[in-house]
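To keep things clear, I will list the structure first and then write my remarks on it.
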Amino acid sequence: MPLFVKPVFHEKIWGGNRLKDFGYDLPSDTIGEVWGISAHPNGRCEILNEPFQGQTLDQVWNNHRELFGDFPSQEFPLMTKIVDAKSSLSVHVHPDDAYAYENEDGQYGKSECWYIIDAEEDAEIIYGLNTDSKEVALDKINTQDYDALFNKVKVKPGEFYFIPAGTIHSIGAGVLVYETMQSSDVTYRLFDYDRVHASGEKRELSQSKAKEVIEIANENINIPTDTEIIENHKRTQLVSNDFFTIVKWDISGTLNYMKPREFVLVSVLKGEGQVIIDGAVFDLKQGQNFILTSDDLDTIFEGDYELIVSYL
Ligand code: ZN
């Protein structure tokens, strides 16, 4: 049986209410993130269907590792989110695995990737720095010369960005993003636009750790994607690296799906239809998230919808 999971909502100072467009019943008008698939202690998703209904994903991971190909990791390794940036997120950076293990109680580091679902005209992200010298970067941070330092990129729906650990980044106002990432919640804020909580306190920065983990990337940020048409369906491979592979499917009609790994994470971004798994029929609609496990041998997608599939 697949594992359909219940999303977890997170209030954020910069969040909005656009996630209700995905069919979610939002608890407030400042929801910045919905964690679609997560076993992280800061937001554990509950299983919605039998036989594990009511258990959390981390419980199933711990007690039924055979459903995940006996994958040898203590923690469930991935997480998916949708982020609604009504205003800009803090400018921040995540550590890599080695730094996080050492300094953050054995947590994973975080590399993440973004699929831009929607963006207002002229909306921007911050992606990396306008220098290839760490010395220059640290100097500009120390003098708070951020405008010259941050590399701003205008984004459009359908684009894709990979953010390796160590890359300074931020999602700008008016951008709606689907994210797949390593299962980690370690964020070092560098700059937060001097925003204050309702209590009047500024949000905490972690500048010294941020400065330690910054990597100066010279890579081209335009990630080439690889699109092929399989029968009537468009399959776009967004990224494949040491951390994850992300594939977007535009499905129209019937797709006999070959699961590429023992377990894969699936999110419905748009549209509706059904998925038939070993003969059992499940209705699918926008905003749903599920995991196909080792048990699920024969999967048929039917309908008109867009999926993102993530796996190790
Ligand atoms: Zn981030």
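The values are calculated or read from the model by the stated rules, or taken from the named source; none is laboratory data. For clarity, every value in this text was computed on a predicted model and none was experimentally measured. For neighbour counting, all protein chains shown are included, and Cβ atoms are generated from backbone atoms with ideal geometry for every residue, glycine included. Calculation scope for accessible area: heavy atoms of the full protein, side chains included, ligands and nucleic acids excluded. Shrake-Rupley method; radii C 1.70, N 1.55, O 1.52, S 1.80 Å.
Each row is one residue, and each column tells you yes or no for (1) touching a residue at least 12 places away in the same chain (Cβ under 8 Å); (2) among the aliphatic types (A, V, I, L, M).
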position	(1), (2)
18	yes, no
33	yes, no
53	no, no
62	no, no
85	yes, yes
89	yes, yes
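Looking across the stretch 83-123, the residues that are more than 16 Å from the ligand (Cβ to nearest atom), assigned to a loop (DSSP other than H, G, I, E, B), at negative phi and open to solvent by 60 Å² or more (accessible area, probe 1.4 Å) come down to 86, 120, 121. Taken over the stretch 180-204, the criterion of being touching a residue at least 40 places away in the same chain (Cβ under 8 Å) and hydrophobic (A, V, I, L, M, F, W, C) is satisfied by 181, 186, 190, 191. Of all residues in the stretch 156-196, those satisfying the criterion of being more than 15 Å from the ligand (Cβ to nearest atom), in a loop (DSSP other than H, G, I, E, B) and either open to solvent by 10 Å² or more (accessible area, probe 1.4 Å) or not assigned by TED's automatic domain parsing to the domain that holds residue 95 (or both) are 156, 157, 158, 159, 173, 193, 194, 195.
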